[in-house]
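**Student:** Pasting a structure below so you can have a look.
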Amino acid sequence: MREHVSDDELQRWSERVAIPLRAQERLAPDFESRLMTAVRENASRPQSLDIPRSMDIPRRAGLRGRWFAPLAGVAVAASLVGAVIVGYAIALRGVHTAAREVASVAPATPAHDTVYITRFVLVAPRAASVSVVGDFNAWDTTATRLANVRDGVWSVSLPLTPGRHEYAFVIDGRRWTVDPAAPATHDDEFGVRSSVITVGPSST
Amino acid sequence: MDSRSDAQVVAAVLGGDVEAYAVLVARYRDAYTRFAVRMLGSAYDADEALQTAFLRGFRALSQCKDPSRFGAWLYRIVANQCREIVVRRGRRERRFVSDEQSLEMQSTPHPADVDTGMREEIERALRQLDPQHREAFVLKYVEELSYEEMAEITGAGVSALKMRVKRACERLRNLLEEVQHA
């Protein structure tokens, strides 16, 4: 039989019941050494953001029609122990491109159908696979895989419509990595950040 | 004992001194251990949860907006991790984990006011609460945090937390009364 108890009485009862639960607990003595081993290993890998397992990789819409000079910069972000990550995206246009590997796209079509071949490059020596995900491929980690063109240098070129695009790299199918050379978005509602590239003709 | 503030140690780690993270681990590990054990039911599971949480804390350290409140920030990660594990396990998990390793890691029973048998009953009843209510009870009555601190850790509002705590206490009392009258 359960009689009604006042809030005060319930609180007092709860306090009493909780007393044995306040006993201190101890972890195994090697907890710290195991953890620091994992921390050191993590520190020696390329810079990456952790995707919580319970999250879907976010999908975002949105091209904006602004026209900026194409990104041509290269930034080197050295990690703590020797591995180097370089990410950059180059927007190339038509016959002016000097890059041999990239096919040019002649803008014979109306402006809104114009695309720009954009090369994504990531240096990730320890990766087994690298994909690029973004609003241009519905953030699908299987849609656009980079090729390992030489030791640890991964690359892919794809046509992008002009405007602002958000993207990120995914290493080994599960490690979300922003482009260290590119501007980043703010955290979205899941606390995830992406990189931004603005594609368009050369103009300032 | 390192005399640097949390903010200073965080800055050192972000500046490249990876080993400095051990200072934060040593500082906060015990504070979270009891919470994790009460939430998950065994020191073995708590160990795994805390390893993951501390590692996540390291990876996401640059996203800690107020390094002087590192402890509260990491507590949130720990609580999320425990909640995730409990939800994944499902409410079918009732048994006390009794494998050999877990027994080795058990704290020695406390010759306290309440005998060990009663304590096990309480722990068993606690594990029958759903994660939200279990967490609310543990934070309020075991960790003895204020509602404001609890709000910071759980992301829930104070009145919602008060309701959860009350429900948790009522449910626990019902469960333990059943046990006593059995």
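**Student:** Kindly establish whether residue B:74 is modelled with pLDDT of 85 or more and assigned to a loop (DSSP other than H, G, I, E, B). First the steps, then the outcome.
**Tutor:** On the way: modelled with pLDDT of 85 or more: yes; assigned to a loop (DSSP other than H, G, I, E, B): no.
Taking the combined requirement at face value, the residue does not satisfy it.
**Student:** Here's a follow-up. Take residue B:87 and decide whether it is β-branched (Val, Ile, Thr), at pLDDT 95 or above and over 10 Å from the mean Cα position of the chain (by Cα). First the steps, then the outcome.
**Tutor:** Values: β-branched (Val, Ile, Thr): yes; at pLDDT 95 or above: no; over 10 Å from the mean Cα position of the chain (by Cα): yes.
Taking the combined requirement at face value, the residue does not satisfy it.
**Student:** Scan B:132, B:101 and give me the residue that is modelled with pLDDT under 65 and part of a helix (DSSP H, G or I). Quick ask: steps written out before the conclusion?
**Tutor:** Numbers: B:132 fails: modelled with pLDDT under 65.
None of the other options fit; the residue is B:101.
**Student:** Additional query: Which one is nearest to residue A:199 (Cα to Cα) among residues in region A:125-167 that are small (Gly, Ala, Ser) and not in a loop (DSSP other than H, G, I, E, B)? Full working, then the answer.
**Tutor:** First pass over region A:125-167, keeping only residues small (Gly, Ala, Ser): A:127-129, A:131, A:134, A:138, A:143, A:147, A:152, A:155, A:157, A:163.
Then drop every residue that is not not in a loop (DSSP other than H, G, I, E, B), which leaves A:131, A:134, A:147, A:155, A:157, A:163.
Values: A:131: 20, A:134: 14, A:147: 22, A:155: 18, A:157: 13, A:163: 5 Å.
Checking each candidate, the answer is A:163.
A quick yes/no check of all residues on (1) without any contact (Cβ under 8 Å) to a residue 60 or more places away in the chain; (2) more than 9 Å from chain A (Cβ to nearest Cβ); (3) under 30 Å from residue B:125 (Cα atoms); (4) crowded, with 17+ Cβ neighbours inside 10 Å:
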{"position": "B:17", "(1), (2), (3), (4)": "yes, yes, no, no"}
{"position": "B:24", "(1), (2), (3), (4)": "yes, yes, no, yes"}
{"position": "B:27", "(1), (2), (3), (4)": "yes, yes, no, no"}
{"position": "B:36", "(1), (2), (3), (4)": "yes, no, yes, yes"}
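**Student:** Also, quick follow-up: Scan region A:14-31 and give yes if some residue there is touching a helix residue (DSSP H, G or I) at 6+ places or on another chain (Cβ under 9 Å) and more than 7 Å from chain B (Cβ to nearest Cβ), otherwise no.
**Tutor:** Checked against the condition, which is being touching a helix residue (DSSP H, G or I) at 6+ places or on another chain (Cβ under 9 Å) and more than 7 Å from chain B (Cβ to nearest Cβ), region A:14-31 yields no hits at all.
**Student:** Here's a follow-up. So residue B:51 fits all but one of (1) more than 10 Å from chain A (Cβ to nearest Cβ); (2) in contact with a Lys or Arg (Cβ under 8 Å, 6 or more places away or on another chain); what number is the exception?
**Tutor:** (1)
**Student:** Pairs needed: first member in region B:124-142, within 11 Å of chain A (Cβ to nearest Cβ); second member anywhere, hydroxyl-bearing (Ser, Thr, Tyr) and surrounded by fewer than 23 Cβ atoms within 10 Å (Cβ to Cβ); C-beta distance under 7 Å; at least 6 residues apart or different chains.
**Tutor:** Cβ pairs passing all conditions: B:141/A:14.
**Student:** Among the residues of region A:155-174, which ones are buried (at least 19 other Cβ atoms within 10 Å of the Cβ) and under 15 Å from the mean Cα position of the chain (by Cα)?
**Tutor:** Scanning region A:155-174 gives A:165, A:166, A:167, A:168, A:169, A:170, A:171.
The values are calculated or read from the model by the stated rules, or taken from the named source; none is laboratory data. If you're wondering where the values come from, they're calculated on a predicted model, not measured in any experiment. Heads up, the Cβs are rebuilt from the backbone with ideal geometry, glycines too, and the neighbour counts pull from every protein chain shown.
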